[in-house]
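**Student:** Got a structure for you, questions after.
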Amino acid sequence: MNDERLFPATVMPDKDWWHALWPDPDAVLRAIGIEPGMDVVDLCCGDGHFTRPLCSLVQPGAVWALDLDAELLDQAKQACAGYPGFHAILGDARELPARINTPVDLVFIANAFHGVPDKIALSAAVHDALKPGGRFAVINWHRLPREETVVLGKPRGPDTGLRMDPEDVRLAVEPAGFKLEDVVDVDPYHYAALFVRISAA
């Protein structure tokens, strides 16, 4: 999809290397604290690679999957067919609080935060969508040169200059009413910065 509303360098990659990069999305989600009964948002969900395991892991909780790309969202819908707690939302991540009908326990975003033009504003939207004490999980590429992040024999991921280290993410998220709680390494090339909602920003 080529849409001017998309965050830069966040177009959904080809499935072959995406699945090679993340062969066990369930393990990634458990590492960031996903548990049964949670209500969760998969922000910028793409084709649902993480959404379907989210639906399975949080049962009987609910999952909202939000994306701007109708074709990708349809793929996520197909992947999550049969899960009664699944809700698909076609829309902009920055409109999140207005697009869900109840505060949630956790908002998850993978491989898109680096391209957000106004990261504090997006973090504020996430803040307003969370329950008190809710969490924001940001999965990012480590700040490695792109030529070093090789999947299926080719360099992958955003340009080196767009990559953020955990401190960069902290400075973009905490002003919106969060505190960095933990940074979890996610092999082979990512980390998850985990924030807790601490105030009414």
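**Student:** Pull out all pairs, ordered by first then second residue, where Cβ-Cβ is under 9 Å, the residues are six or more apart or on different chains, the first lies in segment 100-119 and is more than 13 Å from Phe195 (Cβ to Cβ), and the second is modelled with pLDDT under 95 and of a type in the set (D, E, K, R).
**Tutor:** Val116/Arg94; Asp118/Arg94
**Student:** Restricting the first residue to segment 62-86 and requiring it to be farther than 8 Å from Asp47 by Cα and assigned to a strand (DSSP E or B), which pairs with a second residue that is among the polar types (S, T, N, Q) and at pLDDT 95 or above meet a Cβ separation below 8 Å and a spacing of at least six or different chains?
**Tutor:** Val63/Thr51; Ala65/Thr51; Phe86/Thr51
**Student:** For segment 101-121, enumerate the residues that are surrounded by 15 or more Cβ atoms within 10 Å (Cβ to Cβ) and within 20 Å of Leu57 (Cα to Cα).
**Tutor:** Of everything in segment 101-121, those that are surrounded by 15 or more Cβ atoms within 10 Å (Cβ to Cβ) and within 20 Å of Leu57 (Cα to Cα) turn out to be Val104, Asp105, Leu106, Val107, Phe108, Ile109, Ala110.
**Student:** Do you know which of the residues in segment 23-40 that are surrounded by 14 or more Cβ atoms within 10 Å (Cβ to Cβ) and among the charged types (D, E, K, R) is nearest to Asp105 (Cα to Cα)?
**Tutor:** Taking the candidates together, the pick is Asp39.
**Student:** Answer yes or no: is there a residue in segment 178-199 that is without any contact (Cβ under 8 Å) to a residue 60 or more places away in the chain and touching a Ser or Thr at 6+ places or on another chain (Cβ under 7 Å).
**Tutor:** Checked segment 178-199: at least one residue is without any contact (Cβ under 8 Å) to a residue 60 or more places away in the chain and touching a Ser or Thr at 6+ places or on another chain (Cβ under 7 Å).
**Student:** For the structure I just gave you, tell me whether Lys154 is basic (Lys, Arg), under 30 Å from Pro60 (Cβ atoms) and surrounded by fewer than 14 Cβ atoms within 10 Å (Cβ to Cβ).
**Tutor:** no
The values are calculated or read from the model by the stated rules, or taken from the named source; none is laboratory data. Predicted model, so just to flag it, every value in this text is computed and none were measured. Every residue, glycine as well, gets a Cβ built from its backbone with ideal geometry; the counts of neighbours run over all protein chains shown.
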